[in-house]
Each structure stands twice: as C-alpha cells, then as structure tokens.
Amino acid sequence: MTNRLRTLATTYLLPPGWVEAYRQTLMWFQRGRGWRHWPQNWRGGPLPVEGCRHAFHAVGAGQLRCVTVGGETRVALACHSHHSFEAGPFEGVPAYLVLAVAPASGQGTVRNLSVMVNGQRVGELHGTLPAGRWTNLRLASSGPGVLTMSLCYEGGGRVWAASPLAGRPPARPSNNILVLIVDSLTPNDLGCYQDSPAGSLTPHIDRFFRAGTRFTNAFAQGEWTLPSSTSMLTGLYAIQHGNYNPSWYQRSVPRTVPTWPELLQQAGYRTLCYSTATRFQPAYGFHRGFDRFLFTVGDQQPLNHLVTNAGIEFMEAHRDEPWACYLHLFECHPPFGQSSYYADVNTSPFRWASSEEVYLAWKRDRQPRELLKDLDTLKVAKIRQTDLCLGRLFDYLETSGLAEQTTVFLLSDHGDELTKDIPLLTTGRVHIPLLIRGPTTPDRLVADLVEPGVDLYPTIVQLTGLDVPPHAMGQDLLRLREPRQAAVSESLYGGVYEIALRTATWCYVYTCRMDPVSGDVLRQERLGEYLYRRNPETGKEDYAENLASGEPEVVVDFRDRAARIDRAPRYFDARSVIASTMPSRHQNGLGRERGRLLSRAGAPAAGADVRRPAGASGH
C-alpha cells in the first residue's frame, strides 16, 4: 500500500510526509471498534487527543485518549491501582476539583476506590464502581500549582480517570452562553416569525424571545448539518474548513484554528455539548473545547427531553461559574425518531404510524407528494414537542435568575426542503431562524442579511470579552459594522461546488466542478449559472425565470464576489482526514486514484498571516 501511495503522491505533488500521515491515519481507524471507516458508524471507540485541552501534567500524549463512556466523551488516562499522575498547574487555589472515573471496558470489577491528592485521601467511592458511565467526585481543593493524584482500589484491571476540572471561586459570571440548534427548523415553523401568532406551534419560544433580537434574513452556510456545524464552531466557510464531503473520504474539524468553545474553555468557562445528530459527534472533532460532550444516537426514541434536562443540570451545577452550553436538538429532522404521548395527541389522527417508514418510502420513490404532506404532519408534532422541552429550559433560566446573565441563541443549522432541485441552494434549504436574547441584547427586528454560520463565532467571543482570532470570517451579530452586501451559502458534495449569494434584490447561484481532494474550485468547468429576483420586502425568490443571460453586469459583479470566497485560505490538511473509501469510479471524472488522496492544500504555517483575503469582508 505504501509504495502505491508514494506513486500517487509524486504524481499529484503532495507535500512531504503525506504518505506516512495518511497510512498511519487509515491504519488507526481500521483498528477502531465498529468504525467501518465512517464517522457516522462510530459508537464510542477511543479518539485521538490531539487538539483537546486537558489538565494532565507531564503525561505523554500517547497515554491519553478521548474516551467515550455512556455516550459522554472526555480526555482520560488509563490508571492501575496506586498509579500516580500529575494534574495542573492550576492558577491560584481552585474552589474545587471534579474527577470522573469509570472502569475500562472488560477490565474486571473495581471496588472501594479512593482518590489521593498530594498523599492525602480526599474522596472515596464505597462498593462497586458502576460500569458504562462516568462517576463524578467533587473534591476539596488541595492548593495551587501541580497536584499529584492517584487512585487506589480493590479488584483488577484499569480505571479511566478523566481530566480533572478545576472550579473557580464563586463569582457572578459576566455572560454565560447558551446555543440551541434545532435541526431543520425554518422561520415558517415559528410563531414569532408570522404576522399573527394565533395557532403558533411554538408558544414557549415565542414568549421567551419576545424580549430579544429577531433576524429575518439569516442564511445557513450549508444545506446540511456537517458543513454548517463546522462553520458555526470555527467561523470559516465550508470551502475553508474542508469538512463537507460525506463520500470517498471524510475530514474532521481542522486543528489549525481554535473553535470558540476552546477559547472559552481556556478562559475558564465550564463547557458542555449534547448532540443527538449523527453528523455532529466527537468522531468529527466537534468535542474539542467541551469539558463534556454527550452524544446519543436516536435509535427511534424521543431524546429532546434528555438534551434539555442535561443542559439544566449542567447550568445548575455551575451556576456560580461562567459556562457555555451547546445543545443540538435533532428531532425536527426527518425521520424524526419515535413519537411521544404529547406529540401523538397534538397531531392529526390521519397519519403514518412510523415516521421512519414514511421517510424511507419517500426517499425510495421521491414521487408521491402525499408522502411529503405526511412528513410535514409528523414534523408539526415534533416542533410542538421540541417547544415544550425548551419551555422547561426557559422556565429554569428565568426562575433561577440565570436569564439575566445568559445570552441565548436559537437557530438552525439548515432549512427543511426535502426535494432537491437545480439549483440546490434555494431559500427553503438555507433560510433559517435566528433569535438572540441576553442582558445586552436590544428588543428589535433586524432585516439585514446575516450569516449565522460564520457570524456566531465572533459574536460569542466578543460577548465573553475575548479577542476574535484573525481567521474568523464573520462579524458580531449584535454590533454589525455595516450591512452585509450579500449572504453566502455553499454546497460541496462529491465533485460539485455550488455557491449562492443573496442581496436584497437578487439571488445568484453558480455551479461548477471542484477537486474534492484539494478543495480547488474549477470555475472553468461550469455546470450552471442562475440569477433570480428577490422581493426586498418579503424575501421571496422567483425561480420561474433565470435572468443570468439578460443581466450581464449583475452577473459579472456576482462572479467577482464569489471568486473572493474561492480565494479564501484553506485550513485543512492531511491530518484532517479521518476516513476513506476507494470507489471504482467518481462521478466528477477526477479518477479513481485521485479520489483516494487527502487534501494537498496544507494549513498555514505557524505565525503566518491567516486573515481573511482582501475584499472578502462584506462579500
């Protein structure tokens, strides 16, 4: 295999060291448990710890793993009884330490576990240590600097010890952050976006965000979860972060840029993420920056209440510390998962019994419009259920007083239009709701064009008083420097690249070939060019007539704007690739061999200028 890869690397002028990096990466994943080369098939196998912040001191990276126990991922070290390790250094005297432990799978029974810090017994778990979940111990602080810790227990085998969390002294945080991603939600699904709220499916959302900012022209960076979510965490466009290709090979979040959870974690924030979306999980690197990342696969069971309850518990446990919580609720996305009692009694009595069955039937046939109506009926029930779960979370924020110290974002990662037309990036697929409520958020309606995918990053970073890294492409949603001239959405699927730019009066879409290996946009291999009118008042787009040939000056201007995005720096490299397949033939004609290769667009060198390209701001 290695000789063949070297031949390919020479042919396509890949950087030195690429072959060995790819070979080791591929072999590592081949040894993983249950991966079958695909992140969406991941069910909790160990992940590389590179890029993850932790409190272990003088512990080799080869000894650490991102370990998932009971659906919760943490950086951990495998310990034997009486094995010592160091943690820290901690600035000042932490208010407390939280240590999570769990038996290593198949390692035997562990009983009567004691925790020692600097030679003193500071905690003990009597009896058998439960398997299949983390057990957390809140320990009294033992002073600043580096701490020597050890676990002593009866029984055989090893125990996972998660990176200790050091608590800050009790103090009122300046601004907590709560991000709520409701998958596939559209503005039409929310009562607060309608002229009349009568019969709203979302009364709890409407009420909570009545005192906040509502954006009416928000467009997602992509038409599906993986690229949009990566943009929201990195502040990069999909063409820059490279996490867009579900076929042939897949990448993770680039390690060359910090995610905003990493910045907040480093600044002392407690961080939590809970996701039930297969495309938003630790295998893609989304766990970076989160003290705890909870991931539960749907398996046809209602999960929204689990997500919101975990969020409430986290906020209450750290209410005297600054925290950031990211909750991805997936149940409004077909096939919706198993229905609940509340959803059942609040929807039509004439419907399919199984949402999964009707969804698979539609994907198989893609013809009967009745199936789309049935899916819409089932989605209505899920929207009601999601609103009810969020209502409990909002009630907690208000009754606990945390609403006065927390900025809450509610948005979607993409729209909801099951039919795929040409062009792909129509309003239904990328027009999303965006609601913000916080202590400094004005009560207003904003009609300016915004891109939540890249704008969320600088908004959160500046709210928490941190400096925005120069790679971020967006702008602060609460302090818009100037109205954005155009909103950008991208689709990068296989070997086809599509970019949509929307202004107040136009929607421009350009489709062409791309090299999925390097991310190069092959504009000379054009597949389509479209120009549609937009109603500046309603935002509706008229797809009945393509005006590209009749408006040459407008088209030239849009081409220039799209080219600025094409020229934006790439931040993915060989280390970003986490899975690969070898298809016999690619639809884009790049050939079988080239489809196996990793990105040849290397990440910027340390210290290099990674600011947005000239002219990219404002598009």
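Any read-out appearing in this document is the output of simple, stated calculations on the displayed coordinates, not a laboratory observation. What you see is a predicted model; the values in this text were computed from it and never measured. Please note: Cβ atoms are built from the backbone with ideal geometry, for glycine as well, and neighbour counts cover all protein chains shown.
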Estimated inter-spin distance, Arg479 and Ala267, nm [label 7 Å along Cα→Cβ]: 1.2
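Please compute the length gained on full extension between Arg526 and Thr128, using 0.36 nm multiplied by the number of residues separating them and subtracting their Cα-Cα distance. Don't skip to the answer; put the middle values down first.
Details: separation 398, 0.36 × 398 = 143.28 nm, distance 6.42 nm.
Fully extending the segment from Arg526 to Thr128 adds 136.9 nm.
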Distance between modelled label sites at Ser84 and Asp467, nm, 7 Å Cα→Cβ extension: 3.9
Ranked packing of 487-500, 395-408, 412-425, most packed first, by mean Cβ within 10 Å: 487-500, 412-425, 395-408
Cβ crowding within 10 Å averaged over residues, with 518-524, 456-462, 211-217 ranked highest first: 456-462, 211-217, 518-524
Difference of contour (0.36 nm per residue) and Cα-Cα distance, Ala95 to Asn118: 6.6 nm
Euclidean distance between Cα centres, the stretch 448-465 to the stretch 139-168, Å: 37
Most to least packed among 284-292, 558-566 [average Cβ atoms within 10 Å]: 284-292, 558-566
Where labels lie 7 Å past Cα in the beta-carbon direction, separation of Thr135 and Leu418 in nm: 4.7
Stretch gain in nm, segment Glu313-Asp448, where the contour uses 0.36 nm per residue and the Cα spacing is subtracted: 45.0 nm
